[in-house]
Each structure stands twice: as C-alpha cells, then as structure tokens.
Amino acid sequence: MKQHLLDEIAIIAYRDFLKFLKDKSRIIATFIFPVVFIGVLGNSLQSNLGKGVGFNLILFTFTGVLAQTLFQSSSSGIISLIEDRENDFSQEIFVSPISRYTIILGKVVGESLVALAQAIGIITFGLIIRLPISFGQLISIIPALILACITGAAFGVILLSNLSSQRSANQIFPFIFFPQIFLSGVFVPIRSLPWYLAILARISPLTYVVDFVRGIFYHSDPSLTQVTLFPLWLDLLVISGMLFIFIIAGTVMFTRNERNR
Amino acid sequence: MDNNVIVVENLKKSYKKADKNAVDGVSFQVKKGELFAFLGPNGAGKTTTISILTTTLAKTSGKVFINKMELDKNQSAIRSKIGIIFQNPSLDPNLTGEENIRFHSVLYGLYSFSPMYRFMSEDYKKKVANLAKLVGLETDIFQPTKKYSGGMKRKLEIIRSMMHSPEILFLDEPTVGLDPESRRNLWEYLEGIRKETGVTMFLTTHYLDEAEDAEHICIINKGKLVADGTPDEIKSSVTGEFIIMKTVPEKMKELQTEIERTGVRYEEENNLFKLYISGGEQAQDIIRNIKVKLTFLDMKRITLEDAYLKIIKEELLT
C-alpha cells in the first residue's frame, strides 16, 4: 500500500515536471522576471540606498526574489488544477481510485520540483553577476528553498479550494500576489512600516518564507539582524503551522466543493 | 437485484443556484454484461447522472449501488471497478500514447512507477502491446498524442480505460466528432472488447443508430425517465411498424373507405396513407382487403430514432 502511494505521488509529480520542461515559453518567462527584478531593482536600490542601510541590497533583493519566485511558481502551479479539471487530463486523475490527498500531494511535489528547477537558473544568474555567495551558503539554503516551494504550493491549495474557475483565479491572482511581494520585504527591508501595513505584512505567508530563506542565507553574516525580521525558529513555527492548515483544510474544502456543485 | 451491476433508486440532483432538479427522481437498473444506452436531448441530465455514477459529483438524494456497493460509502473501491471514456478527450497531449497508459496504470496501482518504458515490467509491456493490437495502434503508441487523429485518440482512451479490467465502462458520447468510418471502426473494437471481456457498457450518445444494438435503453428528458426497455419495446411502445400506400388521385376516396373498413389506425399526408400495424401478419390481412389498384406500397419498421423523437416530442407537449 505504501509503495503504491509513493508511485502515485511520483507519477503525478513526474507529469507536472515533464509538462514544464516541454513548455518553452513558460521556462523563458520564469527566468525573465527574476533577472529584471534582481538586475534592475537591486542595482538601482543599491546605488541609491546601499550606503545608508549598511548592507548589500543587491544580495538582499536576490535572496528575496529567489524565495518569492519559488513561492509564487509553486502556488500558481497548483492553481493550474482548476484549468486542468475543466478540460483535460485531470478528469482522468479525479476518477482514479487514489485519494484526494494523494493528488494534492503529487501536485505539491511536482510543482515544487518545477520551482526548484527555476531556482537553479536564478542562482546561476546571481553567480554570473558576481554576487558574494559562498559555497556554504548555497548548500545550506537548499532545504530552505524546498520549504519555500512547499509552502507556496500549500498556499496554492488553500486558494484553489476557494476558487471556482480559471477566470476567477486569473482575476484574484494579482491582488493576492502583488501586495504580498511588496509587503513581505522581497525588495526592501520592511522594518519601518505604518501599523496598518505592518499588520498586513505579518499575515502574509510570503513574509515568513522570505525571512526564513534570508535567515538561513545570512546565518553567519554580521548583517543577519539587519536583514531579517524574526528569529529562525519563529519563521519555522509559523511556516509549519501554515503548511499543516493550508494542506489539510485546503484539500478537504477542495474535495467538497468539487463534488458538491 | 442479483444480476444488476448498477442500481439507481429515485436519484435526484439539484445544482446550487438552480431552481429545477437537473435529475429528478430517476430509477433504473443495468444488468451485468449489458450494453446499456442512456439517451436524451442536451441538458436532459445525462452527464449529470454519469458524473454521479462515476463518483465525481455528489447527489442530492436517492440511492445508487455500483457493483453492489453503495456509492457514498465505497467511492475508491467503485472507482477501481469502473472505466470512463469522457465526452472531452482526456489525454495529455505532451505525453506519448504509451506514457498516457503508463500514468493510468500507476494511478490504478497496477504497476510501479518508472520514468522510462524500458524499465516497466514485461507483463505491462505485453498488456499494452495486446491492447494496442486490438485497436490497431501498434505503431503509433509511442508517438505523442497531439499527433493523433480524433479516432486514434478515442481508441487510445479505450485501451487506457481497459488496462485495469473494469467491470463497467462508461462511454459518454464516445463517437462525437468522428467521421463515419472511424465511428464504425470504433464500434467494431468496442464490440470486440465487450465479447472478449464481458464488460458492462453504459453508453450515452446522440447517434440513435448506435443505440439500436443496445440490449437496454433508458430515455431521460428534463431530468425524468420517460422510457425504459429494450429497443424493440421502446419502438413498439410508440407505434411498431407501418405500411405506406398510395393510389391515383381519383381513387383516393375509395382507398380511404377500404382502409377505414379494416379498422386500422391511419394517417393521411401528401396523398400518402400511413397505416400503423402491430406486425407482418396484420399487414397481410390488410393488403388482402384492399381492392383499389395501388401505385405505391411499402412496409417500414419504425427506427429507434423515430421512436425517440416521438417520445421526446410528446413530452414537450405535456
């Protein structure tokens, strides 16, 4: 039975990954945004504000964009289940005898793999523009990046369970992701926000993901306290809690909505 | 009950925000090994019923047993016993035919996952080869399915749905969009599979000639069942057979008197008499009593399509 479960998760994930590899325009699009964000935004921030903040803003933006890209990529990948179930292959998945949790789990693994493939591209870009990244930092950041993907996917599951069609997904997506990108400190530190934005920043899942990735990356760096908001354990606690709730509640709601139309 | 693989009792479904029931108290049974045709106009409730029977949609009320298992309590077990050919193609165009089948086989727990065909078990390879041969896809099975024609896609879906040897195969308008030759081909393959495996087939279609071969037909309209029986029973419940006869215009009145004398129910349309009869013997009696010289005589069996249209039309009037 256990072997079956792994097989089922593996094949659903495998298909997602294969689909990504065969979709050239998606591959190109996923690299363009990070490159523009890091290259343009990071550089101009660094030359204007870099001296004032006292740490390398390009590197700061790089770590933020890395976490954000993984989070967003796996979220939107999960949401593709809506489109799928309307017109193609997923009908086939939904009538197979596997549990709904397995479907979601397979999707989470698959979309996380897709997102990690993008991480390789972004890190390569970072190395090419000679960001000060050490080998130790690269290795230690891997588990954090995996966690960013899985959390993004879990966030996708909870969104998925509340959306009825691809159209509503497309409409709501910018509202959910754009504010989060700015509020979660991807580009600039968010230590001094007005109270109402600070509240929003603290309920945004991406804030903790970005902070956690930075916490690991800057672990033995003297600027650690300047670039992060919370201690690592707190980030991890919040992320674990979100993961648990999003996946369980999301799957239950998704399955119920799916059948009770 | 013993021989029935599908039992539906007073099934109802009302969609959220809909004021009418999409399926409104439907009851029927399907016997093991039967070719069962579920007919009805667009929006009658066919796809809703199929979605409920295949566990992808929750019913509002009523009871459903698939393979003697109650629907709500045994969804996973039921899913492993049924195969479905969807109205819309459900193949992954990025994958090859074989990869689509492999995906299905792993999901149904038949074989272990492997990213490569050559690492799959011999048993799997043999089964795929046999099924591919049965539908004539031996050479194309390793091509991406986006290169397939409509007919080939359908055939691949049939192979795929037969991989886990289902007891019931649901076919939701399987031949829609296919040219006549592919349609005929597909039916030959389906018949072959039915003979070989004894699988029960639950068919919905708009092509009434496809349902002529069914052993059991139900017609649904506006969410309610309006006919249930064999094709012959359904046809005879409408009219059965009829004779058409014609004579020269000046003899029409005389012919009409003779027809009336036989007591048979008839209609006159465009100088043509249509006499409704119950069988060949009655036809002979009638002909024997007609003395007027005829210019045209024909006897016709009502087709399922005639009966179907008539049933649906009568329902519209009531």
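Could you check the range A:1-66 for helices (runs of 4 or more DSSP H) lying wholly inside it with 2 or more residues that are of a type in the set (Val, Ile, Thr), more than 14 Å from chain B (Cβ to nearest Cβ) and open to solvent by 30 Å² or more (accessible area, probe 1.4 Å)?
On the way: elements: A:2-22, A:24-36, A:43-53.
Counting at least 2 such residues, we get A:24-36.
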In the range A:206-250, how many residues are assigned to a helix (DSSP H, G or I), open to solvent by less than 50 Å² (accessible area, probe 1.4 Å) and in contact with a helix residue (DSSP H, G or I) (Cβ under 6 Å, 6 or more places away or on another chain)? 21
Meets criteria (open to solvent by 30 Å² or more (accessible area, probe 1.4 Å) and at negative phi) for A:Phe182: yes
Step by step: first the residues of the range B:256-280, then only those that are open to solvent by 40 Å² or more (accessible area, probe 1.4 Å) and among the β-branched types (Val, Ile, Thr), then the one that is farthest from B:Glu241 (Cα to Cα). Which residue is that? B:Thr257
If only one of B:Lys59, B:Lys81, B:Lys32, B:Lys68 is within 15 Å of B:Thr200 (Cα to Cα), within 14 Å of chain A (Cβ to nearest Cβ) and open to solvent by 30 Å² or more (accessible area, probe 1.4 Å), which one is it? B:Lys81
Does B:Pro89 satisfy being open to solvent by 10 Å² or more (accessible area, probe 1.4 Å), modelled with pLDDT under 90 and more than 7 Å from chain A (Cβ to nearest Cβ)? yes
With respect to B:Gly45, determine if the residue is out of contact with any Cys (no Cβ under 9 Å at 6 or more places or on another chain), of a type outside the set (Asp, Glu), more than 9 Å from every other protein chain (Cβ to nearest Cβ) and closer than 18 Å to B:Leu203 by Cβ. yes
Which residues, taken from the range B:114-151, are part of a helix (DSSP H, G or I) and farther than 17 Å from B:Gly192 by Cα? B:Tyr117, B:Arg118, B:Phe119, B:Glu122, B:Asp123, B:Tyr124, B:Lys125, B:Lys126, B:Thr145, B:Lys146, B:Lys147, B:Gly150
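How many residues, within the range B:10-29, are surrounded by fewer than 20 Cβ atoms within 10 Å (Cβ to Cβ), under 20 Å from the mean Cα position of the chain (by Cα) and over 16 Å from B:Glu167 (Cβ atoms)?
2
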Can you pull out every residue in the range B:125-164 that is within 13 Å of another protein chain (Cβ to nearest Cβ) and not aliphatic (A, V, I, L, M)? B:Pro144, B:Thr145, B:Lys146, B:Lys153, B:Glu157, B:Arg160, B:Ser161, B:His164
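The values are calculated or read from the model by the stated rules, or taken from the named source; none is laboratory data. Since the model is a prediction, treat every value here as computed from it, not as a measurement. Cβ atoms come from the backbone with ideal geometry, glycine included; neighbour counts cover every protein chain shown. SASA here: full protein model, heavy atoms, side chains in, ligands and nucleic acids out. Shrake-Rupley method; radii C 1.70, N 1.55, O 1.52, S 1.80 Å.
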